[in-house]
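The structure under discussion appears below in the form of structure tokens.
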Amino acid sequence: MADFMSRKDLDFLLHDWLDVTALTQRPRYAEHSRETFDSVLDLSHDMAAKLFAPHNKESDQSEPYIGDDGKVVLLEAITTAVRAFGEAGLNAGTFDEELGGMALPHTVARASMVNFQAANAATSSYGFLTVGNANLLAKYGTDEQIDTWVRPMLAGRYAGTMCLSEPQAGSSLADITTRAVDNGDGTYAITGTKMWISAGDHEITENIVHLVLAKVPGGGPGVKGISLFIVPKVLPDGTRNDVALVGLNHKMGNRGTTNTLLNLGDGTFAVPDRPAGAVGYLVGQEHQGLRYMFNMMNEARIGVGFLATALGYAGYLQSVEYAKTREQGRPVDSKDPNTPPVPIIAHADVKRMLLAQKSYAEGALALGLYASRLVDEELTAPEQADRDHAHLLLEVLTPIAKSWPSQWCLEANSLAIQVHGGYGYTREFDVEQFYRDNRLNLIHEGAHGIHGLDLLGRKMVMDSGAGLAALAAAIGDTARRG
Ligand SMILES: Cc1cc2nc3c(=O)[nH]c(=O)nc-3n(C[C@H](O)[C@H](O)[C@H](O)COP(=O)(O)OP(=O)(O)OC[C@H]3O[C@@H](n4cnc5c(N)ncnc54)[C@H](O)[C@@H]3O)c2cc1C
């Protein structure tokens with residue numbers, strides 16, 4: 001059976017190209033070494049192979065559903081895998097040791113995660129969202145919020161979500177209508193409906209920490225009036241919060257990740273002795289919510305690029321394996337029907353399709369790891385000028401790191417189906433699922449066209465084109481190195 005990710009390629013990119021071991025000379029990563037990085041990658045591939053890959057197809061065919069008791073029913077294997085991921089400390093990979101983290105470089109943590117994404121895109125999304133949520137709260141939350149919500153997420157006891165979209169407001173978050181009213185006791189009453197919320201309800205963890213964008217009356221127009229709230233499924237005293245699962249969306253792919261329509265504060269789980277509305281806790285300052293949420297979105301965008309890459313990679317590896325074993329036709333210069341057929345990998349057009357996939361998947365993996373290395377530079381480079389430069393490049397590269405793999409690794413999956421011929425179009429093989437799973441990545445975390453607008457309308461012209469100039473210089477340096 002084909003592997004889902006090439007360790008040889010990861011090692012080449014991490015060490016021969018990006019020299020991640022050099023990061024261990026910086027105080028933040030001083031506890032690490034090539035050996036600790038290797039152990040994390042070994043563990044990740046092993047866990048992904050044993051706990052994530054085996055139920056990938058079954059979770060596509062057995063969608064989550066709502067049971068008679070109103071609770072989400074998921075494949076047991078998803079629950080087992082997500083819990084094992086959390087218990088292994090993988091939610092906490094890049095976090096401070098003080099929070100129970102491993103203080104891993106982001107580059108290494110992404111290389112670890114891409115194994116899970118390639119083995120099972122849908123199941124990997126639970127940990128992915130929890131990590132992004134915890135990162136945001138670790139940066140902008142109070143000490144109490146970090147103790148109450150971040151620590152249990154990092155320990156794998158709680159899961160996290162991001163609740164931005166509403167039925168009438170996807171690309172245009174200025175139009176959200178979820179409201180937050182100050183209760184005057186340190187909490188807010190949240191009312192509204194959130195659409196498309198991934199991992200929005202399940203029984204995998206003790207609690208789910210929703211990060212919800214909502215408007216406090218009296219705020220400015222559009223996005224200026226948006227604030228950010230923690231709205232947990234279960235309150236700290238154990239009472240159920242008024243967050244109700246209205247329905248599950250039935251998706252083309254990524255079916256193992258529950259995708260939910262949630263009502264906040266509709267009275268389904270009205271909290272006794274409290275004002276109507278779901279109980280929410282403000283993160284940071286009022287009206288700064290979108291700015292904080294961008295922290296999670298930028299991280300998630302690079303992560304979505306990796307998700308697309310992982311699926312492109314897995315499809316590529318499966319189609320190489322298939323092309324080596326499927327015999328069909330004869331070489332153009334030897335058409336004698338008495339000679340045995342050749343494996344299709346011998347045909348020039350099949351080679352073309354394999355090489356195109358290889359270049360999309362390997363190029364996308366390189367792009368994602370390069371962006372992740374910039375995140376490490378932005379956080380830990382000794383000189384301020386280097387940190388600023390990394391920040392500038394990341395501003396330009398983030399929409400590209402999301403969009404390029406989403407477009408071209410989807411094309412890679414289409415080619416993987418083509419290499420399999422008619423068999424690729426059936427559910428007996430995995431590649432049609434990879435294509436369906438990957439189709440999402442052009443839509444969520446900002447639709448493809450919206451990233452195009454962001455890149456051309458904002459990133460290319462910001463600071464009089466400084467980001468574009470920095471990117472052009474980096475490309476020029478690479479080209480000159482040959
Ligand atoms: C499976 C899945 C999981 C998701 N998970 C989450 C989640 O966990 N949390 C969350 O908050 N959201 C989530 N989303 C929502 C996702 O982010 C939105 O679907 C996305 O932002 C697009 O919004 P929309 O669906 O309302 O489409 P629309 O905004 O209606 O866009 C439709 C089309 O119009 C284009 N368009 C819109 N506005 C413009 C414009 N100004 N100029 C040019 N073109 C424009 C878009 O590019 C798109 O092609 C998820 C979605 C899906 C499908």
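Any residue in the range 234-250 that's touching a residue at least 60 places away in the same chain (Cβ under 8 Å): show its pairings with residues that are away from the ligand (no atom under 16 Å from the Cβ) and of a type in the set (S, T, N, Q) at Cβ separation under 8 Å, as long as the two are six or more apart or on different chains.
Listed pairs, sorted by first residue: PRO236/THR148.
Just checking, does the range 194-206 include any residue being out of contact with any helix residue (DSSP H, G or I) (no Cβ under 9 Å at 6 or more places or on another chain), more than 9 Å from the ligand (Cβ to nearest atom) and more than 13 Å from GLU286 (Cβ to Cβ)?
Yes, there is a match, as at least one residue in the range 194-206 is out of contact with any helix residue (DSSP H, G or I) (no Cβ under 9 Å at 6 or more places or on another chain), more than 9 Å from the ligand (Cβ to nearest atom) and more than 13 Å from GLU286 (Cβ to Cβ).
What are the pairs with Cβ atoms under 8 angstrom where one residue, in the range 454-476, is at positive phi and the other, located anywhere, is surrounded by 12 or more Cβ atoms within 10 Å (Cβ to Cβ)? Sequence gap at least six, or different chains.
What qualifies is ASP463/LEU392.
Is it true that LEU104 is over 26 Å from ALA2 (Cβ atoms), within 19 Å of the chain's Cα centre (by Cα) and assigned by TED's automatic domain parsing to the domain that holds MET153?
It is true that LEU104 is over 26 Å from ALA2 (Cβ atoms), within 19 Å of the chain's Cα centre (by Cα) and assigned by TED's automatic domain parsing to the domain that holds MET153.
If you check ILE302, ILE230, which single one turns out to be part of a helix (DSSP H, G or I) and either under 22 Å from GLY170 (Cα atoms) or in contact (Cβ under 8 Å) with a residue 12 or more places away in the chain (or both)?
Among ILE302, ILE230, only ILE302 is part of a helix (DSSP H, G or I) and either under 22 Å from GLY170 (Cα atoms) or in contact (Cβ under 8 Å) with a residue 12 or more places away in the chain (or both).
Do the conditions hold for THR130, that is, is it surrounded by fewer than 24 Cβ atoms within 10 Å (Cβ to Cβ) and either hydroxyl-bearing (Ser, Thr, Tyr) or in contact with a helix residue (DSSP H, G or I) (Cβ under 8 Å, 6 or more places away or on another chain) (or both)?
Here the answer is no, as THR130 does not meet what is asked.
Among the residues of the range 191-223, what is the count of those that are in a loop (DSSP other than H, G, I, E, B), among the small types (Gly, Ala, Ser) and buried (at least 19 other Cβ atoms within 10 Å of the Cβ)?
Within the range 191-223, residues that are in a loop (DSSP other than H, G, I, E, B), among the small types (Gly, Ala, Ser) and buried (at least 19 other Cβ atoms within 10 Å of the Cβ) number 2.
Determine whether THR94 is assigned by TED's automatic domain parsing to the domain that holds HIS106, in a helix (DSSP H, G or I) and within 25 Å of LEU374 (Cβ to Cβ).
Criteria not met by THR94.
Tell me which residues, restricted to the range 319-333, are in a helix (DSSP H, G or I) and either surrounded by fewer than 24 Cβ atoms within 10 Å (Cβ to Cβ) or under 18 Å from the mean Cα position of the chain (by Cα) (or both).
Matches in the range 319-333: VAL320, GLU321, TYR322, ALA323, LYS324, THR325.
Residues being closer than 21 Å to GLY368 by Cα and surrounded by fewer than 16 Cβ atoms within 10 Å (Cβ to Cβ): count how many of those fall in the range 12-35.
Residues in the range 12-35 being closer than 21 Å to GLY368 by Cα and surrounded by fewer than 16 Cβ atoms within 10 Å (Cβ to Cβ): 7 in total.
The values are calculated or read from the model by the stated rules, or taken from the named source; none is laboratory data. Computed from a predicted structure; not experimentally measured. Every residue, glycine among them, receives a Cβ derived from its backbone with ideal geometry; neighbour counts consider all protein chains shown.
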